[in-house]
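Please treat every number below as a calculation from the coordinates, not as lab data. Small disclaimer: the values here were computed from a predicted structure and weren't measured. Heads up, the Cβs are rebuilt from the backbone with ideal geometry, glycines too, and the neighbour counts pull from every protein chain shown.
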Amino acid sequence: MLQQKHLLGLEGYPAEDIQTIIDTAFTFREVLDRPIKKVPSLQGKTIVNLFFENSTRTRISFELAQKRLSADTVNFSASTSSLKKGETFKDTAQNIEAMKIDAVVMRHPTPGAPLHLTQHINSIVINAGDGTHEHPTQAILDMTSLHEKFGYLKGLKVGIIGDISHSRVALSNIHGLKTMGAEVTLCGPSTLIPPFAEDLGVSVNYNVDEVIEWADALNVLRIQRERMGGGLLPSVREYRNLFGISTERLSNHKKEIVIMHPGPINRGVEIDSSVADSDQAIILDQVLNGVASRMAILYLLLGGKQEEGNS
Ligand code: CP
């Protein structure tokens, strides 16, 4: 039902397939509002969640999406596996596949690891975040949330604020939003905006107040504290003063814009609690849409059957 067997990234991903995923996610949102939040669409399918890096939202969201679709799920944690005894990535993957599975959801700290995995196994591979490369399911849930809020993506003005250079969320959002016809402006310290940014078809503006004035929605990224003081970022206090999204900063602008954050949040650094917990933030809607979007992706990639009343 989708043109590509795997979901490795949104660079070059077809617009019609992104739209199909978003439309399907809305039908699964309806399932999530039912008293019994389960459909038999992926009964008999087996999915392994292969996490080599920490995660709260993505891991639980994928596992819930799989359970809501009645798939059998297995969770693999690198830290408690035979990788610790020296087993290779290739042997690990091929041994898991030998147990007759249908798909692997993988998070890995190395960019390109999910692509590498497709070269060793025949199962469907879904990228749940690979280093600083891509996080395609996060961008799809972000676009689903924007579509839910505004009713369209084409022409929507989205500001992405923070550490763009190290953010897989930013890169997948840039590719996805540009494909869907949205306008994107990046904003953050010049040390954290990649020099090739404008080649991606986006604008760069280092003045966050100008971006707030321009945007319909802001996607505020987590500032990785480990980069503070390393020459890439000023102090936490200076970052907050220059780029932090605070109630005072937003109140200088007349229009109300939508605030997004992929999580985890550093409250009081990139965003204040008063903004993150306000009515203009859709951060928890993003989390709920994450389950629906991942249900849609799994359903469409694994060729699931829609139940009556869910078409
Ligand atoms: N947004 C996101 O990827 O969060 P986790 O790292 O908790 O999965």
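Taking only C-alpha pairs under 8 Å that are 6+ residues apart, what is the relative contact order of segment 52-115 in percent?
41
Only Cα pairs under 8 Å and at least 6 apart count here; give the relative contact order of the chain as a rounded whole percent.
Rounded, it is 22 percent for the chain.
Which percent, nearest 5, of DSSP beta bridges in the chain are antiparallel?
If we restrict to bridges inside the chain, about 0 percent are antiparallel.
Rounded to the nearest 20 debye, what is the charge dipole size of segment 136-283 about its Cα centre when +1 sits on each Lys and Arg Cβ and -1 on each Asp and Glu Cβ?
Dipole of segment 136-283, to the nearest 20 debye: 200 debye.
Can you compute the helix-only [θ] at 222 nm over the chain? Use -39500 (n - 2.57) per DSSP H run of at least 4 residues, normalise by all residues, nearest 500 deg cm²/dmol.
-11000 deg cm²/dmol
Provide Rg over Rh for the chain; use the alpha carbon set for both Rg and the Kirkwood Rh (inverse mean inverse pair distance).
Taking Rh as the inverse mean 1/r over Cα pairs, Rg/Rh reads 0.97.
Give me, ordered by chain and number, the residues 5 or more places off Val258 or on other chains with an amide H under 5 Å from its own placed amide H.
The list, which skips near neighbours in sequence, is Ala217, Leu218.
If you place +1 on the Cβ of every Lys and Arg and -1 on the Cβ of every Asp and Glu, how big does the dipole about the Cα centre of the chain come out, in debye to the nearest 20?
820
Is the C-alpha gyration tensor of segment 37-165 telling us rounded, prolate or oblate? Criteria: a/c under 1.5 is rounded; beyond that, a/b larger than b/c is prolate, otherwise oblate.
Oblate is the answer for segment 37-165, as a/c is 1.5 or above yet b/c matches or exceeds a/b.
Counting alpha carbon pairs within less than 8 Å and at least 6 residues apart, what relative contact order, in whole percent, applies to segment 159-218?
Relative CO of segment 159-218 lands at 40 percent.
Can you give me the C-alpha center-to-center distance between segment 24-50 and segment 182-225, rounded to a whole angstrom?
Between the Cα centres of segment 24-50 and segment 182-225 lies a distance of 35 Å.
Excluding the sites themselves, what is the longest stretch of the chain that contains no trypsin sites (Lys or Arg not before Pro) in a DSSP loop with at most 16 other C-beta atoms within 10 Å?
155-253
Specify the residue with the greatest mean-square fluctuation among Asn207, Asn219, Asn95, computed from a Gaussian network of the chain linking alpha-carbon atoms under 10 Å apart.
Residue with maximal mean-square fluctuation among Asn207, Asn219, Asn95: Asn95.
Which is the longest stretch in the chain that no exposed loop site breaks, taking sites as GluC sites (Glu not before Pro) with a DSSP loop state and at most 15 other Cβ atoms within 10 Å?
For GluC sites (Glu not before Pro) (loop position, at most 15 other Cβ atoms within 10 Å), the longest site-free span of the chain is 88-255.
Within the chain, which DSSP H helices have Cα atoms that stretch 15 Å or more along the helix axis and a mean Kyte-Doolittle hydropathy of at least 1.0?
In the chain, the long hydrophobic H runs are 283-301.
Work from the charge dipole of the chain (Cβ charges, +1 for Lys and Arg, -1 for Asp and Glu, about the Cα centre) and give the residue of Val208, Asn127, Ile160 farthest towards its positive end.
Value computed over the given set: Asn127.
What are the principal axis extents of the Cα atoms in segment 136-283, in Å, biggest first?
Answer, in whole Å and largest first: 40, 34, 26 Å.
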